[in-house]
Amino acid sequence: MASKSRWADDEEDAELEARRKREKEEKKRAKAEKQRKLEEAARAAEERKKAEVEAAAREQDDRPAKRRKLSSTPEEPQDAKDQPRRLLRFAAPEWGPCRRVDNFERLNHIEEGSYGWVSRAKETATGEIVALKKLKMENLNDGFPVTALREIQCLKESRHRHVVDLREVVVGDTLNDVFLVMEFLEHDLKTLQEEMPEPFLPSEIKTLMLQLTSAVGYLHDHWILHRDLKTSNILMNNRGEIKIADFGMARYAGDPPPPDLTQLVVTLWYRAPELLLGAREYGQAIDMWSVGCIFGELLTKEPLLQGKNEVDELSKIFELCGIPTEDTWPGFRRLPNAKSLRLPRNPHTTGAVIRSKFPFLTAAGASLLTSLLSLNPDSRPLASEVLKHAYFSENPRPKSTAMFPTFPSKAGQEKRRKRASPQAPQRGDAPRIGGDVDFSGIFSSREEGGAGFQLKLV
Ligand code: ADP
């Protein structure tokens with residue numbers, strides 16, 4: 001069993017627990033109130049419609065026998081017909097025909113991702129440096145890839161200080177040549193952390209987390225799920241600002257989200273347990289889980305849950321966050337892949353070990369990380385709740401972006417090496433949890449001081 005952390009404090013725990021409960025109840029109340037307002041609005045709309053239909057019927061009844069001439073009303077001057085005709089003007093769409101890619105000079109390749117090749121480029125006319133992402137157009141016979149359409153649509157709709165700015169879409173000679181022109185940022189957090197000798201300072205982590213969460217909150221408020229939040233998709237400039245990029249997996253999803261969403265989303269190390277267990281109905285909480293993984297990664301400079309495959313990922317999650325029970329996660333047993341799980345019988349010996357894994361994190365920081373990494377998606381905080389968390393108001397306070405250090409930019413200088421971390425899921429990939437999976441041995445092996453976690457496929 002894990003030893004008691006020197007930060008552990010029962011009274012504080014109880015207080016945190018009580019606060020969490022209060023916040024949960026508050027959330028429940030707000031949800032019920034929202035539902036009530038929606039129903040009220042629907043009833044009012046229904047009544048309005050009924051009244052309109054009745055009024056139209058009444059009008060029909062007392063309509064004059066002779067049809068009124070509509071083309072020239074009594075107020076209209078007699079010579080109106082002779083006036084030059086004026087077109088009604090509507091606001092012009094923001095996006096016209098696409099410019100060509102040869103307005104840009106390519107400077108250097110940055111990275112090949114799952115959905116495109118990214119280069120640094122210069123706009124010839126203005127000299128401005130931008131990032132050019134050439135979209136991968138595999139299988140054009142199936143039409144323009146939906147991932148590309150979603151990426152363009154979601155980026156175009158997202159105007160936020162911490163979401164990368166999509167300037168325009170440009171085209172080349174063939175249908176295969178579609179490029180996104182984006183503002184250029186010097187780093188992504190993954191590469192930057194690989195190069196840094198030490199992790200970010202706590203005050204810097206707070207600033208980065210606030211920026212990230214404000215962008216995620218903005219996306220969620222605009223009904224966008226990002227579905228692939230990870231450090232390589234978070235760009236950073238030399239002014240201490242981060243911006244979320246790569247909307248290749250993003251999609252619009254209302255509340256409640258549509259049923260039967262794609263299950264194979266989010267890069268494995270950042271994928272929420274409900275997705276690993278096969279949930280087809282999911283929502284904003286999957287992005288909040290990824291935010292939790294990113295928080296953990298910022299603290300240690302290492303990805304938090306580096307599973308080798310879906311089963312191993314789940315095992316690492318349970319090892320860190322504890323084993324789900326019907327109390328902590330009601331209904332998890334009904335998820336498609338949960339039916340084949342064999343979990344340890346005594347969940348009391350298999351609780352979360354987050355506090356002992358992050359001994360240098362304050363109680364408030366540990367409570368934030370623990371809530372973001374709640375196995376039960378309903379227990380994870382909303383982005384707006386994270387922003388108000390006590391962790392951000394205790395010392396050390398978030399560092400001002402102006403005080404952030406600058407780092408040499410790999411993207412601005414040289415070609416990068418290929419990464420060893422897993423890629424975002426590809427369209428057509430199949431999830432790989434199937435058959436029976438036995439987790440019952442994993443915790444005993446830890447308690448006995450076993451070297452690793454052996455999962456049995458039974
Ligand atoms: P994919 O969708 O193909 O995975 P991304 O949009 O994630 O591609 O981009 C891959 C990498 O390219 C990022 O991790 C980052 O290093 C780099 N990159 C992407 N956009 C920019 C940008 N606007 N400025 C600088 N680098 C970028």
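The values are calculated or read from the model by the stated rules, or taken from the named source; none is laboratory data. Just so it is clear, the model here is predicted, and its values are computed rather than measured. Virtual Cβ from ideal backbone geometry, glycine too; neighbours counted across all protein chains shown. Areas reflect the complete protein model, heavy atoms only, side chains present, ligands, DNA and RNA absent. Shrake-Rupley method; radii C 1.70, N 1.55, O 1.52, S 1.80 Å.
What to note about this one:
- Straight-distance crosslink candidates among lysines, where the alpha carbon sits under 16 Å from LYS410 and sequence neighbours closer than 8 are dropped: LYS190, LYS418
- Charge sum, other residues only, whose C-beta stays under 9 Å from ALA383's C-beta, Lys/Arg counted +1 and Asp/Glu -1: -3
- Relative contact order (%) - the stretch 191-245, alpha-carbon pairs under 8 angstrom, separation at least six: 33
- Simple spin-label estimate for HIS109 and ALA32 in nanometres, 7 Å along Cα-Cβ: 5.9
- Efficiency of FRET from Cβ geometry, SER379 and GLU138, R₀ 30 Å, rounded to 0.05: 0.15
- The charge dipole of the stretch 101-181, taken about its Cα centre with unit charges on the Cβ of Lys, Arg, Asp and Glu (plus for the first two, minus for the last two), comes to roughly 300 debye.
- Local net charge near LYS301, Cβ-Cβ under 9 Å (Lys/Arg +1, Asp/Glu -1): -4
- The stretch 108-255, accessible surface, carbon-and-sulfur percent (1.4 angstrom probe): 51
- Highest to lowest packing among 383-395, 227-239, scored as the average C-beta count within 10 Å: 227-239, 383-395
- Residue-level accessible surface for ARG167, protein heavy atoms, 1.4 Å, Å²: 90
- Measuring r between the beta carbons of LYS156 and GLU54 and using R0 = 51 Å, the FRET efficiency lands at 0.75.
- Per residue, the stretch 101-181 exposes 48 Å² of solvent-accessible protein surface, assessed with a 1.4 angstrom probe and all protein chains in place.
- Whole-percent carbon and sulfur share, accessible surface of the stretch 282-394, 1.4 Å: 53
- LYS308 versus LYS388: modelled label distance in nm, points set 7 Å from Cα along the beta carbon direction: 4.5
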